[in-house]
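Remarks on the structure that follows.
What follows is calculated from the coordinates using simple rules that are stated; it is not laboratory data. Source: prediction; values computed, not measured. Here the Cβ is made from the backbone with ideal geometry for all residues, glycine too, and neighbour counts use every protein chain on show.
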Amino acid sequence: MTGAPLLQITGLRHAYGDKQVLSLDSWQLLSGKHQLLLGPSGSGKTTLLGILSGLLSPTDGVIEALGKPFDPMSLSDLSNFRARNFGFVFQDHHLVSSLTVEENLRLAQHLAGLSEDSDWENQLFDRLGLSNLRKSKPASLSHGEAQRAAIARAAITRPKLLLADEPTSALDDENTHKVMELLKALSDQAGSTMLVASHDSRLKPFFDQTLALSKPEGPTA
Amino acid sequence: MMPYLLKLTWANLISRPLASWLTVATLAAAVALISILLQFSAHTSNRLARDLAGVDLVIGAKGSPLQLILSSLLHIDIPTGNIPLSDAQKIMRDPLTEVAVPLALGDSFRGFRIVGTTPGFIELYETKVAEGSVWTEPQQVVIGAQVSKQLGMKIGQKFFGGHGLSFSDADLAQHEHAAYEVVGILEPKASIIDRLVITSVDSVWHAHEEPGADGADHDEHEQHGENEDHDDEHEHHDEHDHSGEEAHLEEHDKDEHHGEHDHPENEARLDEHEHEHQNDEHHDGEHEHHDKGEHILSDLLTMSAKGKAVTALLVQYSTPIAAVRMPRAINDQPGLQAASPALEITRLYNLSAGLMDAGKVLAVIMTLIGGLSIFVAVSNAAVHKTYDIALLRAMGAKPRDVFLQQICEGIIVSSFAGILGIGLAHSLLMLAANIYAPLAVFGLNGSQFFAAEGYLLTGTVLVGIVAVIWPALNSYKVDPMLLLKGVR
């Protein structure tokens, strides 16, 4: 399904103290249209990702997700909304360190209020080559395994929006291609729309749309 | 969410086993110490109330009044000596006396004290015979529930007593001429009476007469019978002269079973030839050829008191004024002392108060250390798990959930420490009661749980909660944006 706005921004401004770091008059992410937030370090893409995911309140502006503005939502409502609709892949592939890979996935399902989906879980483990690592703790995983586990954790709830922050930083071309193909394929399979923040222009071909962010002058679409 | 919150908390705890166990152990040690003090205190007050059995005054030989109370009521010390029966009789007849129960102490069977007394002793402890009946003849005994349970003794079983509170079978051969027979078992009362072997005063007198001896007092005996020659052959003494025992004999004469026979109490014998010197074997009625007179119990109030003695007298007043008059009057008499259980127990409390206070202070310090230990452990864990907490928040966990998860950690650690500590305290007391007899006699064996320990467990959990409030608040405030900032 494409076309309906998944995320929408109107008159967004964000500043840290006196320093304005982000200004975006209007922007939207359509459902099914994967989009790349591309920009160099300091261009505000991480701040934008935080604002769009509801983790950061903007200085000014209106953010709507699935037609609902974030503003009037309580912290608790916003947490629920995030758990049910968003999946995250962070740059450092964070996983809950005291839980196994499998338990990390189950935690995401529980937080989203979903019951365990064994079929989908098995598919993810098979697809990501994690079947033998289900009972492993994050500390015992390699960098690549941890990244794949983080992708599985993000996809397990079949989120409407899959957010990724610098998923290919420090990867060579071959691995970048593999990771992006995997993310795209899993997003499509899960029915998720991908929004990725990156400084890596190699990723552009994997997306339907790109929002280019620049440092001081503000964004240009 | 709650089950997963608990699962996550448990996972956090076992992910750092050493820190978690050290925290639990520190707090558990404090809880164990407090539990022991609580058990001691609660048991002491409960047990003393039962053991003192409403006795207002204990009258015995001059000496330490505390020793008199400990030996006559709590049965954990040796008696101060004996008092003449004639003096005891005067007190028994005193109008200020409502109840006066005589005690003849000195022997034991395998660590359980043998008490020569009257059936009034059983009434004093508000218990009754659960199996069999109260003695009706000398050498018959009623045993407490613990005696029966621990020694596996049953009705009809015979045994010999030994001097003092001996545990050795070798000591039990000291009264081979005076075997006891179990005729009744008392119902459990959770008081000292559970650990006593109760019989008539005649039985104890008889046990302390040496066969063939001239009846002189024996130093090693705490209780001494009348000084007569003994006749091991058990002849009948139809025409004996028993000067000085008229009252006693008169009583015997009243007994319809033995109308014309004079039977001094120390004639009661078992035919030693029928014994194989085994202490507690069953005898299938082979000793049924005693003199008829052996079956008569003396009336201690009216019998001739000449040469007779008892160890102590447990007195209940007939009127409150007796509390003022009686102790003074008795203490004025040579050889007698009156000890008030209430006063002496208070004195005992005061003597041990310093030790108890020191224990309490130590326990409080240990609890604080235990609480601090939880605080440090959870705070450290929270710092190390800041990214986990931020991740939970990013994944949709509410700040409240993150806060509760930390509180859960404090509750789990402190509950575990509380249960472990209380369990440890009871185990230690059970072990101690097995190797230190006075604890067993006192009934402090760790088998009983007190309401105060429920409060202790609650208090321990509260300490755990208080200790984690600060790290929990810090967790509550963790900003999930730090995951996107990528700073580790």
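Using alpha-carbon positions, what is the distance between the centroids of the range B:341-356 and the range A:181-209, in Å? A separation of 81 Å, based on Cα centres. As a rough footprinting exposure proxy, the listed residues B:THR302, B:THR80, B:THR311 were ranked by other beta carbons within 10 Å of their own, and the order from fewest upward is B:THR302, B:THR80, B:THR311. Expressed in Å, the radius of gyration and Dmax of the Cα atoms of the range A:21-164 are 16.3, 48. Checking the Cα-Cα distances for A:LYS160/B:LYS7; B:LYS7/B:LYS385; A:LYS33/A:LYS184; A:LYS19/A:LYS68; A:LYS137/B:LYS477; A:LYS160/B:LYS485 against a 20 Å cut-off, the pairs over it are A:LYS160/B:LYS7; A:LYS19/A:LYS68; A:LYS137/B:LYS477; A:LYS160/B:LYS485.
Take each residue of peptide A:93-106, count the partner chain Cβ atoms within 10 Å of its Cβ, and average: the result is 4. Centre-to-centre, using Cα atoms only, the range B:188-206 and the range A:136-169 are separated by 78 Å. For the range A:110-221, the spherically averaged projection of the C-alpha convex hull amounts to 8.5 nm².
Taking the number of Cβ atoms within 10 Å of each Cβ as an exposure proxy, the fewest-first ranking of B:TRP21, B:TRP205 is B:TRP21, B:TRP205. The angle between the Cα long axis of helix A:101-111 and the main principal axis of chain A comes to about 50°, on a 0 to 90 degree scale. The residues B:ILE330, B:ILE412, when put in order of fewest to most other Cβ atoms within 10 Å, stand as B:ILE412, B:ILE330.
Averaged over peptide A:42-50, the number of partner chain Cβ atoms lying within 10 Å of each residue's Cβ comes to 2.
The Cα center of the range A:24-98 and the Cα center of the range B:419-464 differ in position by 56 Å.
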